[in-house]
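Student: First the structure, then my questions, so here it is.
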Amino acid sequence: MLKFTEDKIFTKEQVQELFLSVNWISGQYPDQLYKALMHSSTVLTAWDDTRLVGLIRVLDDTEMLAQIHYVLVHPNYQGQGIAGKMLELIKEKYKDFFYLEVMPAESKNAPFYERHGFHVMEDGVPMQIVQKK
């Protein structure tokens, strides 16, 4: 049975293994990734006993805006509804905020978020500066 928690009880190695399992470049920077997660507003994790199998990271301003930054599930656990369950828990936590935003890493993931009530921003254009590679 899976357990979900906001307690930041994960190790640097557990986080790195999860991120590398889905080929996310963040996993190549374990020190920075771990520090970023430990200083994030919310990190919701999914556990199969002692194995970290899913994670959502949220950055928020405490009142109005919350941005979902990571949603990932280990490939061996995908297709079991874990990401959807985590997303619903996050939606409940942030239900009193004006905005809960997500920017899917790939457009093919947009239907997943739409099934959970998200809509494409009408006049929004995602933009970023990549400082390091």
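Student: What per residue convex hull volume, in Å³, do the alpha-carbon atoms of segment 3-133 yield?
Tutor: Cα-based convex hull of segment 3-133, divided per residue, equals 122 Å³.
Student: Test of understanding: given the chain, find the longest segment containing no GluC sites (Glu not before Pro) that are in a DSSP loop and have at most 15 other Cβ atoms within 10 Å.
Tutor: 7-62
Student: So which of LYS85/LYS132; LYS3/LYS85; LYS12/LYS132 end up more than 22 Å apart by C-alpha?
Tutor: LYS85/LYS132
Student: Kindly work out what percent of the DSSP beta bridges joining two residues of segment 2-115 are antiparallel, to the nearest 5.
Tutor: Here the antiparallel bridges make up roughly 80 percent for segment 2-115.
Student: Going by amide H atoms built from the backbone, whose H comes under 5 Å of the H on HIS74, apart from near neighbours?
Tutor: Amide H neighbours of HIS74: GLY54.
Student: When we measure straight from the Cα of LYS91, which aspartates and glutamates land under 12 angstrom away, once same-chain ones fewer than 8 places off are left out?
Tutor: The qualifying aspartates and glutamates are GLU101.
Student: To make sure I understand the rule: partners must be aspartates and glutamates, Cα under 13 Å from the Cα of LYS95, and not fewer than 8 residues away in the same chain. Which ones qualify?
Tutor: Leaving aside aspartates and glutamates fewer than 8 places away in the same chain, those within reach of LYS95 are ASP60, GLU63.
Any read-out appearing in this document is the output of simple, stated calculations on the displayed coordinates, not a laboratory observation. The shown structure was predicted, so the numbers you read here are calculated from the model rather than taken from an experiment. Heads up, the Cβs are rebuilt from the backbone with ideal geometry, glycines too, and the neighbour counts pull from every protein chain shown.
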